[in-house]
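Notes follow once the structure below has been shown.
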Amino acid sequence: MSADEKQMKLRYAGVCRRCGAELTARTEAIYERSTKTVRCLDCSPAEPAPLDELVESPEPIDIGTPGASARREYERRQAKRETRVREKHPKLGGLILALSDDPQSTMVWDQGANGEETLGQGLNKLASDTLRVLHDRRIPGTRANIDHIAVTPTGIYVIDAKKYKGRPSLKVEGGILRPRVEKLLVGTRDQTKLVDGVLKQVDVVRAIIGNDIPVTGVLCFIEADWPLVGGAFSTRGVEVLWPKKLYPRLTTDGSIASDVEDLHRRLVSALPPA
């Protein structure tokens, strides 16, 4: 019996609101305060509440906005430079800003945001009941973030989006007399640090999920100088490729399709939007 109901002896005759039976004075019945009606004991308990009232709807999930933190940092730096220039040159500040570009240290944030936004849009188009995505997730206790996470029937993919010029390639040194060393090059630049960064992100996700679910690191280069044939490779367990090579990997059937929603919610809880 709910707090809205009271079992009592009726002072006056009444009619059961459920079955229409006549209830004489002094009959035991249920009085409903909110409706000011009575109900006979045979009609107890009250009508069940609608299903949507009984089943608590899950809280909506914020999957994040691709490139949001990088875009905010770019805009912050841009606004700071504009303020500085206008204060230093009250009369010519607008002209100086119009004729000059932001410094490279600011432009890289815009470039990074563009790459994350492009890849994020593609991932969102793939999203379904068995392919859940997250974007721009903060790693707790740090200022670092994870660009994208895809939870799929074949496992979890931790994806770092990069919009770099040049051709990604793998350079291997040593192997027989010396320890084997793998280096990631983009054009002629050594970008092995990018692989190190993804591996750290994979460790974060694996600590949340455990070792039973495959977790794969991905470096996805947007608009890089990829060859017409081949080009994708793996280094230290991290896949290096581009969006059109990545998407088929994420949509492959696998054995953990039934776990996708649960894994997705666990990651949402542990990794807030950046």
Candidates Leu134, Leu177 - the one that is loosely packed, with under 14 Cβ neighbours inside 10 Å and assigned by TED's automatic domain parsing to the domain that holds Ala232: Leu177
Test: residue in the range 58-71 that is touching a helix residue (DSSP H, G or I) at 6+ places or on another chain (Cβ under 6 Å), modelled with pLDDT of 85 or more and hydroxyl-bearing (Ser, Thr, Tyr): no
Where a residue in the range 157-174 is outside the structural domain of Thr130 (by TED's automatic domain parsing) and touching a residue at least 60 places away in the same chain (Cβ under 8 Å) and its partner, wherever it lies, is assigned to a loop (DSSP other than H, G, I, E, B) and surrounded by 12 or more Cβ atoms within 10 Å (Cβ to Cβ), with Cβ under 7 Å and at least six apart: none
Cβ-Cβ under 6 Å pairs, at least 6 apart or on other chains, the range 91-108 side within 15 Å of Ala79 (Cα to Cα), far side not in a helix (DSSP H, G or I): Ile96/His89
Condition check for Glu182: assigned by TED's automatic domain parsing to the domain that holds Asp136, surrounded by 11 or more Cβ atoms within 10 Å (Cβ to Cβ) and on the phi < 0 side of the Ramachandran plot: yes
Number of positions in the range 196-241 that are assigned to a loop (DSSP other than H, G, I, E, B), among the acidic types (Asp, Glu) and in contact with a strand residue (DSSP E or B) (Cβ under 6 Å, 6 or more places away or on another chain): 0
Strands (runs of 3 or more DSSP E) lying entirely in the range 85-184 (those with 3 or more residues that are touching a helix residue (DSSP H, G or I) at 6+ places or on another chain (Cβ under 9 Å)): 132-138, 145-152, 155-162
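The values are calculated or read from the model by the stated rules, or taken from the named source; none is laboratory data. On a predicted model such as this, the values are computed, not experimentally measured, just so you know. For neighbour counting, all protein chains shown are included, and Cβ atoms are generated from backbone atoms with ideal geometry for every residue, glycine included.
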